[in-house]
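S.K.: Here's a structure for you.
The values are calculated or read from the model by the stated rules, or taken from the named source; none is laboratory data. Note that this is a predicted model, so its numbers are computed, not measured. Here the Cβ positions follow ideal geometry from the backbone for every residue, glycine too, while neighbour counts run over all protein chains shown.
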């Protein structure tokens, strides 16, 4: 075999290769298991020792040359490939593909945020029934039958199926859970109770006959209005932003004494009511069987729609119950 | 109530702040107030209606807030009783705790003085004549309603008694009322003259020609007045003042003040007392008040002196018992102040809540209890949102029409006795009706609408369940939507750590409304173990059409109270096998009605522990296979201990094939991948 010839042919074949796969093919042809060079090596056994030595040396050289040339060629190809890949262009100005995204309802977002803030300061989240008894909605909250204050909570009553059945209603506030929770648990305690409430009232931009409220209750040995102020200030700053200013003025609720209203100041400088609150009325403790004046507490009720309106700039609470995607998809 | 600023000023020698400033002060101390020109519109809380629905009442508050001296006095002499030839009686003193009547002879009822007419106008009332203006003025000043009768038009004795069923009462405005039984009326022999505490009647009206009048200053129980108001749907200035409770002692002030003023306005010849029926006079209350407790409740360091001053300005008596105890004498007309906590409020609101410094509570560091129900709710909502669904809240009410449309049993629905309207007559028994409507509304604007709601549903007797529902359209409706939802719910349930959920389409029970709500063949029951937790599938084509859909609508509704009982947050790590998995496909022909889920389950079960996963990769339904369907399962075999040989895998595969054959199913071909 003329090794010089082989080497020359190989060089030509390598140069002729147009791409990596042809190069691989060519490399295999010469250097593969059954390739020309490999076969030549196997033929060496037939030769004499001295011939073996010289032919073997030569073969090794040829093999090294071909391998080197393949390597060089491969490098060239890859460089070209990288070059052309790097030069390829796409229209990066085209908008990204639309990904299907769902959205939580703004009321859910508000409730979650409130829950998270209060859980940080040790309030547990509990829930109570929407279908409520007259006792928990009113009597246990120091609002006996005939109490003029019952008018404040215009109530949806459930039609009785039997005349003797007790009167049930849709809860007009989340406050029944004060009594429900106090009955079953031992102070000290801190809870918040989110939930849907209902009032038989004409609706307008800021009032719906169905709305969400979050009740808060803290009961301990020593709880003051100053304590409440600290909690509600911190809450408002976490919820609305660090510079939020709040105002506490007197209000009236039968189940708190004193009773207050909490407002926050908006950008226009107006005070917007965010919750009703106060110190738990001793009659509420009495109703749940606690010894009078042993425990103290504060309670509050936040309107979730109200918070949503202020936080997001919504202008009509009724929109929140329409399921309109044009609204929901903004959140 | 509308207050005339000048009238309020008349109670003070010192100049009041501007109306705007005064309004802000009142708002900060208990009465939300707006100033409009020279009047103030103050909202009086129900607890203060008994003493603040009057210029005097609000002036007293102002005096406490500003620490101004209140300048107000009335005649102290009591009226001499006269002799009259008619009787006055009160049947039930509980309904009419006090009845005071005076007789004014030979009065001149002309136009009232302009100063009074002016103030009435500012306070929102129309001047009529000297007599009417006078009684209205007294009410707006003292808060005690007063009424004048033409004495010569009264027939026989006067009785405060319950109405008789069917009695006719004609009001001052000439409105005719047929009274039900048991409303309290002032009546003579000829019948009702006035509705007690609510409205005067036409029959004994005082006019320009009236000579002699009877002036009534009475007290009526709030329950009695409320009954009349509700029963006749008639609310008046007078009823407003009685409805929240009024103290009978105001009668003294009103009858004295009306004499002061009336002398010069009506110019009577003489004024005599007819009766003052007041069997159980109201009393001032004494409350022992602990100053330390006060400071602890408000969280402020108020001095004894400051506290004493606040009480005095509010008209309370104060006696210092010790350096921490006061004895506070609360006038009977402060019916809202009954106990020490009420006194805390009085001090707090006059002191000013804005003056209280925030002070974080000191409490045991008890971490909040984890509410797993709430956590699951969050997880579920997030899961659905991540898959592109949008959350909604709908009203919790449905109409009678919804009952029949969705095939719900009326007996099971909870009905309201006073709904907003017929549309909201029942509590929702399912989330779907309103949710589907919302989908329909959105479908007018969006091609793809996928909504869900989590909320309570209701059914008799007094049942309330937390429920999750979703409804989707995705035109053009492909048959894949069903499987998409099924896959979604499957994954959702798995996320809740529930491993034994399955879908049952065979014995799907007909629950309430099921047959009208769901497509008879395109729906399944969602089950955990043997419990049905919900449904998913296509909405019945008839219902979809009635709801205005032209395309197919898909939905799911799940009883979360039920489902979440099975939820678990325990997650156990399965070691990752270092040995390769072997994948084999198996094709089997099964009867048309056979459940694919059961086939997969059977493959999984019969193959044993080394079967890691069984996936359905193809279902073939040809016309030739008209009573059968062919499916291909991809089965993954893997051991944690060794490489599985072809022989071992073959043995496992044979077990599965054998199980299939025992069911009478035959293999089509087997591709090894």
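S.K.: In the set B:23, B:59, which member is within 14 Å of chain A (Cβ to nearest Cβ), crowded, with 22+ Cβ neighbours inside 10 Å and either in contact (Cβ under 8 Å) with a residue 24 or more places away in the chain or in contact with a strand residue (DSSP E or B) (Cβ under 9 Å, 6 or more places away or on another chain) (or both)? Outline the logic, then answer.
M.R.: On the way: B:59 fails: within 14 Å of chain A (Cβ to nearest Cβ).
From the options B:23, B:59, the qualifying one is B:23.
S.K.: Here is a follow-up. Which of the residues that make up segment B:110-132 are free of Cβ contacts under 8 Å to residues at least 24 places away in the same chain, within 18 Å of residue B:257 (Cα to Cα) and in contact with a helix residue (DSSP H, G or I) (Cβ under 8 Å, 6 or more places away or on another chain)?
M.R.: B:117, B:120, listed by residue number.
S.K.: Against the condition surrounded by 21 or more Cβ atoms within 10 Å (Cβ to Cβ) and either closer than 25 Å to residue A:121 by Cβ or touching a residue at least 60 places away in the same chain (Cβ under 8 Å) (or both), how does residue A:158 come out, does it pass?
M.R.: Working: surrounded by 21 or more Cβ atoms within 10 Å (Cβ to Cβ): yes; either closer than 25 Å to residue A:121 by Cβ or touching a residue at least 60 places away in the same chain (Cβ under 8 Å) (or both): no.
No.
S.K.: On the basis of being in contact with a strand residue (DSSP E or B) (Cβ under 7 Å, 6 or more places away or on another chain), crowded, with 22+ Cβ neighbours inside 10 Å and either at positive phi or part of a helix (DSSP H, G or I) (or both), does residue B:30 make the cut? Don't jump to the end; show me each part of the working.
M.R.: Numbers: in contact with a strand residue (DSSP E or B) (Cβ under 7 Å, 6 or more places away or on another chain): yes; crowded, with 22+ Cβ neighbours inside 10 Å: yes; either at positive phi or part of a helix (DSSP H, G or I) (or both): yes.
For residue B:30, the condition - in contact with a strand residue (DSSP E or B) (Cβ under 7 Å, 6 or more places away or on another chain), crowded, with 22+ Cβ neighbours inside 10 Å and either at positive phi or part of a helix (DSSP H, G or I) (or both) - is met.
S.K.: Sort through A:200, A:207 and tell me the only one that's surrounded by fewer than 21 Cβ atoms within 10 Å (Cβ to Cβ) and touching a helix residue (DSSP H, G or I) at 6+ places or on another chain (Cβ under 8 Å).
M.R.: On the way: A:200 fails: touching a helix residue (DSSP H, G or I) at 6+ places or on another chain (Cβ under 8 Å).
Testing whether each residue is surrounded by fewer than 21 Cβ atoms within 10 Å (Cβ to Cβ) and touching a helix residue (DSSP H, G or I) at 6+ places or on another chain (Cβ under 8 Å) leaves just A:207.
S.K.: Still on this structure, I have one more. How do the strands (runs of 3 or more DSSP E) wholly within segment B:162-207 filter down when requiring 1 or more residues that are crowded, with 23+ Cβ neighbours inside 10 Å and without any contact (Cβ under 8 Å) to a residue 40 or more places away in the chain: which remain?
M.R.: Working: elements: B:168-170, B:176-178, B:184-188, B:191-195.
Of the strands (runs of 3 or more DSSP E) lying wholly inside segment B:162-207, those with at least 1 residues that are crowded, with 23+ Cβ neighbours inside 10 Å and without any contact (Cβ under 8 Å) to a residue 40 or more places away in the chain span B:168-170, B:184-188, B:191-195.
S.K.: Among the residues that make up segment B:367-380, is at least one of them within 30 Å of residue A:162 (Cα to Cα), in contact with a strand residue (DSSP E or B) (Cβ under 6 Å, 6 or more places away or on another chain) and assigned to a loop (DSSP other than H, G, I, E, B)? Write out each step before concluding.
M.R.: The initial filter retains those residues of segment B:367-380 that are within 30 Å of residue A:162 (Cα to Cα), namely none.
No: zero hits.
S.K.: Can I ask one more? Counting only residues that are at pLDDT below 90 and touching a helix residue (DSSP H, G or I) at 6+ places or on another chain (Cβ under 8 Å), which one in segment A:18-36 is surrounded by the most Cβ atoms within 10 Å (Cβ to Cβ)?
M.R.: Result: A:30.
S.K.: Is it the case that some residue within segment A:306-319 is within 13 Å of another protein chain (Cβ to nearest Cβ), touching a helix residue (DSSP H, G or I) at 6+ places or on another chain (Cβ under 6 Å) and under 22 Å from residue A:218 (Cα atoms)?
M.R.: Checked against the condition, which is being within 13 Å of another protein chain (Cβ to nearest Cβ), touching a helix residue (DSSP H, G or I) at 6+ places or on another chain (Cβ under 6 Å) and under 22 Å from residue A:218 (Cα atoms), segment A:306-319 yields no hits at all.
S.K.: Further question on the same structure: Out of curiosity, is residue A:69 surrounded by 18 or more Cβ atoms within 10 Å (Cβ to Cβ) and not assigned by TED's automatic domain parsing to the domain that holds residue A:313? If you could, list the steps in order and put the result at the bottom.
M.R.: Details: surrounded by 18 or more Cβ atoms within 10 Å (Cβ to Cβ): yes; not assigned by TED's automatic domain parsing to the domain that holds residue A:313: yes.
Considered against the rule, which asks whether it is surrounded by 18 or more Cβ atoms within 10 Å (Cβ to Cβ) and not assigned by TED's automatic domain parsing to the domain that holds residue A:313, residue A:69 comes out as yes.
S.K.: Follow-up question, since we're still on this one. Go over the candidates B:388, B:407 one by one and state the one that is more than 10 Å from every other protein chain (Cβ to nearest Cβ), modelled with pLDDT under 95 and in a loop (DSSP other than H, G, I, E, B).
M.R.: Among B:388, B:407, only B:407 is more than 10 Å from every other protein chain (Cβ to nearest Cβ), modelled with pLDDT under 95 and in a loop (DSSP other than H, G, I, E, B).
S.K.: Mind checking which residues of segment A:115-124 are surrounded by 22 or more Cβ atoms within 10 Å (Cβ to Cβ) and more than 7 Å from chain B (Cβ to nearest Cβ)?
M.R.: Start the filter on segment A:115-124 by keeping residues that are surrounded by 22 or more Cβ atoms within 10 Å (Cβ to Cβ), which leaves A:118, A:123.
Residue satisfying the conditions is A:118 alone.
S.K.: Residue A:146 versus (1) more than 23 Å from residue A:318 (Cα to Cα); (2) surrounded by 22 or more Cβ atoms within 10 Å (Cβ to Cβ); (3) facing chain B (nearest Cβ under 10 Å); (4) in contact with a helix residue (DSSP H, G or I) (Cβ under 6 Å, 6 or more places away or on another chain): which is the lone unmet condition?
M.R.: (2)
S.K.: Counting only residues that are more than 19 Å from residue A:194 (Cα to Cα) and at pLDDT 95 or above, how many does segment A:158-177 have?
M.R.: Step one: of segment A:158-177, the residues more than 19 Å from residue A:194 (Cα to Cα) are A:158-168.
Those still in the list that are at pLDDT 95 or above too: none.
Number of matching residues: 0.
S.K.: Restricting the first residue to segment A:98-111 and requiring it to be more than 7 Å from every other protein chain (Cβ to nearest Cβ), which pairs with a second residue that is in a loop (DSSP other than H, G, I, E, B) and modelled with pLDDT under 95 meet a Cβ separation below 9 Å and a spacing of at least six or different chains?
M.R.: The qualifying pairs are A:99/B:388; A:106/A:314; A:106/A:330; A:106/A:331; A:109/A:331.
S.K.: So residue B:458 clears everything in (1) surrounded by 15 or more Cβ atoms within 10 Å (Cβ to Cβ); (2) more than 11 Å from chain A (Cβ to nearest Cβ); (3) within 26 Å of residue B:380 (Cβ to Cβ) except one condition, right? Which one?
M.R.: That leaves (2) as the condition not met.
S.K.: Oh, and also: Looking only at segment A:195-239, count how many residues are farther than 29 Å from residue A:286 by Cβ, part of a strand (DSSP E or B) and touching a residue at least 40 places away in the same chain (Cβ under 8 Å).
M.R.: 4
S.K.: If you don't mind, another one. From B:324, B:362, grab the single residue that is in contact with a strand residue (DSSP E or B) (Cβ under 9 Å, 6 or more places away or on another chain), more than 8 Å from chain A (Cβ to nearest Cβ) and over 30 Å from residue B:52 (Cβ atoms).
M.R.: On the way: B:362 fails: more than 8 Å from chain A (Cβ to nearest Cβ).
Just one listed residue meets the conditions, B:324.
S.K.: Related question: How about segment B:503-606: which strands (runs of 3 or more DSSP E) wholly inside it have at least 1 residues that are surrounded by fewer than 18 Cβ atoms within 10 Å (Cβ to Cβ)?
M.R.: Working: elements: B:518-528, B:531-539, B:554-559, B:582-591.
Those strands (runs of 3 or more DSSP E) span B:518-528, B:531-539, B:582-591.
S.K.: Could you go through segment B:277-296 and let me know if any residue there is more than 14 Å from chain A (Cβ to nearest Cβ), within 30 Å of residue B:92 (Cα to Cα) and surrounded by 19 or more Cβ atoms within 10 Å (Cβ to Cβ).
M.R.: Within segment B:277-296, one or more residues are more than 14 Å from chain A (Cβ to nearest Cβ), within 30 Å of residue B:92 (Cα to Cα) and surrounded by 19 or more Cβ atoms within 10 Å (Cβ to Cβ).
S.K.: Suppose we filter segment B:1-27 for residues that are within 26 Å of the chain's Cα centre (by Cα) and in a helix (DSSP H, G or I); how many remain?
M.R.: Applying the first criterion (within 26 Å of the chain's Cα centre (by Cα)) to segment B:1-27 yields B:1, B:27.
Then keep just the ones that are in a helix (DSSP H, G or I); that gives B:27.
Qualifying residue count for the region: 1.
S.K.: So, residue B:332, is that one in contact (Cβ under 8 Å) with a residue 40 or more places away in the chain, in a loop (DSSP other than H, G, I, E, B) and more than 24 Å from residue A:280 (Cα to Cα) or not? Don't jump to the end; show me each part of the working.
M.R.: On the way: in contact (Cβ under 8 Å) with a residue 40 or more places away in the chain: yes; in a loop (DSSP other than H, G, I, E, B): yes; more than 24 Å from residue A:280 (Cα to Cα): yes.
Spelling it out, residue B:332 is indeed in contact (Cβ under 8 Å) with a residue 40 or more places away in the chain, in a loop (DSSP other than H, G, I, E, B) and more than 24 Å from residue A:280 (Cα to Cα).
S.K.: When you scan segment B:607-636, how many residues do you find that are part of a loop (DSSP other than H, G, I, E, B) and more than 14 Å from residue B:668 (Cβ to Cβ)?
M.R.: Our first condition is that a residue be part of a loop (DSSP other than H, G, I, E, B); within segment B:607-636, this holds for B:608-610, B:621-627.
So of that shortlist, the ones also more than 14 Å from residue B:668 (Cβ to Cβ) come out as B:608-610, B:623, B:626-627.
Count: 6.
S.K.: Looking at segment B:67-93, I want the residues that are closer than 30 Å to residue B:156 by Cβ and have a partner that is in a loop (DSSP other than H, G, I, E, B) and at pLDDT 90 or above with Cβ atoms under 6 Å, at least 6 apart or on another chain. Which pairs are those?
M.R.: Sorted first by the residue in segment B:67-93, then by its partner, the pairs are B:86/B:157; B:87/B:157; B:90/B:96; B:93/B:279.
S.K.: Whether any residue in segment A:125-139 is facing another protein chain (nearest Cβ under 8 Å), assigned to a helix (DSSP H, G or I) and more than 38 Å from the chain's Cα centre (by Cα) is what I want to check.
M.R.: Here is the first cut: in segment A:125-139, the ones facing another protein chain (nearest Cβ under 8 Å) are A:125-127, A:129-131.
Cutting the leftovers down to assigned to a helix (DSSP H, G or I) gives us none.
No, the conditions are met nowhere in segment A:125-139.
S.K.: So residue B:445 passes all but one of these: (1) in contact with a helix residue (DSSP H, G or I) (Cβ under 8 Å, 6 or more places away or on another chain); (2) crowded, with 16+ Cβ neighbours inside 10 Å; (3) over 24 Å from residue A:132 (Cα atoms); (4) within 10 Å of another protein chain (Cβ to nearest Cβ). Which condition number does it fail?
M.R.: Against the list (1) in contact with a helix residue (DSSP H, G or I) (Cβ under 8 Å, 6 or more places away or on another chain); (2) crowded, with 16+ Cβ neighbours inside 10 Å; (3) over 24 Å from residue A:132 (Cα atoms); (4) within 10 Å of another protein chain (Cβ to nearest Cβ), residue B:445 comes up short only on (2).
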